[in-house]
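The values are calculated or read from the model by the stated rules, or taken from the named source; none is laboratory data. Quantities reported herein were computed from a predicted structural model and do not represent experimental measurements. Glycine also receives a Cβ, built like all others from the backbone with ideal geometry; neighbour counts cover every protein chain displayed.
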Amino acid sequence: MANWQDPRSTADRTGGVNAATVGVPRAARDAGLRSYMLSVYNYMASGVLLTGIVALLFATSGLAAQVFVTPLRWLIVLAPLGFVMAMSFGLSRMKTGTLQMLFWAFAVAMGLSMSSIFLVYTGPSIATTFFGAAAGFLGLSLYGYTTKRDLSGFGTFLIMGVVGLFVALLINMFLHSAAMGMAISAIGVLLFAGLTAYDTQKIKSMYAYVAGSEMMGKTVIMGALNLYLDFVNMFMFLLSFMGNRR
């Protein structure tokens, strides 16, 4: 998960409002917020679509079946993590255009990595799981956007939970426990469901800090990356339950 500071956990001298928004009519601020969030969702949805197309083409071409039985598979699997780390740690130094290119490159790398699911699960079960995950994501993201409840207190718990989850995944790579695998998948779905609502509210809160600044374009891309990761992880963990193996 891409890491960036949650503005709800800090306070500035303007009371959490960017100076650029002071004196701006509320209707204009609301319109700006809607445009900002729409940009985030457009990037996120376009990234998911690109990943899906690349994954399907790579799998149906037969290349995935050939590559994933060679050591090259580790490069494909780990490449997306490299892009996430580069975007997260290089955020302040990179230009918006560079960040955009890295986001699209990340989506392609994820497509190559996720092509392996077409070798394991049937197409109809992948489609069913995808639409189920999409429906859940939309509902959770809408809740995060509209709720008046401050979800920032859940952030540390959820992130620690994700770290523990991936440690458990690594351990189970050696244990090969089916029961442990199912438990990990169930916890994974719940954690990323919570992160979807949390990240949506965090992204919304960022608008007051970046409106009218050069950081706004970068924040849109990083927000899309966070929601993309929430959705894809929730989808992958759901696939463990809903996917029919070949």
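Being out of contact with any helix residue (DSSP H, G or I) (no Cβ under 8 Å at 6 or more places or on another chain), part of a helix (DSSP H, G or I) and surrounded by fewer than 16 Cβ atoms within 10 Å (Cβ to Cβ), is that true of even one residue in the range 108-119?
Within the range 108-119, none of the residues are out of contact with any helix residue (DSSP H, G or I) (no Cβ under 8 Å at 6 or more places or on another chain), part of a helix (DSSP H, G or I) and surrounded by fewer than 16 Cβ atoms within 10 Å (Cβ to Cβ).
Quick check on this structure: which one of M216, M222 is in contact (Cβ under 8 Å) with a residue 60 or more places away in the chain, under 22 Å from V84 (Cα atoms) and more than 17 Å from the chain's Cα centre (by Cα)?
M216
Farther than 22 Å from G243 by Cα and surrounded by fewer than 18 Cβ atoms within 10 Å (Cβ to Cβ), is that true of L91?
Yes, satisfied.
Answer yes if at least one residue in the range 120-131 is surrounded by 14 or more Cβ atoms within 10 Å (Cβ to Cβ), in contact with a Phe, Trp or Tyr (Cβ under 9 Å, 6 or more places away or on another chain), at pLDDT 95 or above and within 21 Å of I221 (Cα to Cα), and no otherwise.
Among the residues of the range 120-131, not one is surrounded by 14 or more Cβ atoms within 10 Å (Cβ to Cβ), in contact with a Phe, Trp or Tyr (Cβ under 9 Å, 6 or more places away or on another chain), at pLDDT 95 or above and within 21 Å of I221 (Cα to Cα), which makes the answer no.
Tell me which residues, restricted to the range 112-159, are free of Cβ contacts under 8 Å to residues at least 12 places away in the same chain and among the β-branched types (V, I, T).
T146, T156, listed by residue number.
Of the residues T200, T196, which single one is more than 14 Å from F235 (Cβ to Cβ), in contact (Cβ under 8 Å) with a residue 40 or more places away in the chain, crowded, with 16+ Cβ neighbours inside 10 Å and in contact with a helix residue (DSSP H, G or I) (Cβ under 6 Å, 6 or more places away or on another chain)?
T200
Can you tell me which residue in the range 64-99 is modelled with the highest pLDDT, limited to those that are more than 30 Å from Y121 (Cα to Cα) and under 15 Å from the mean Cα position of the chain (by Cα)?
M87
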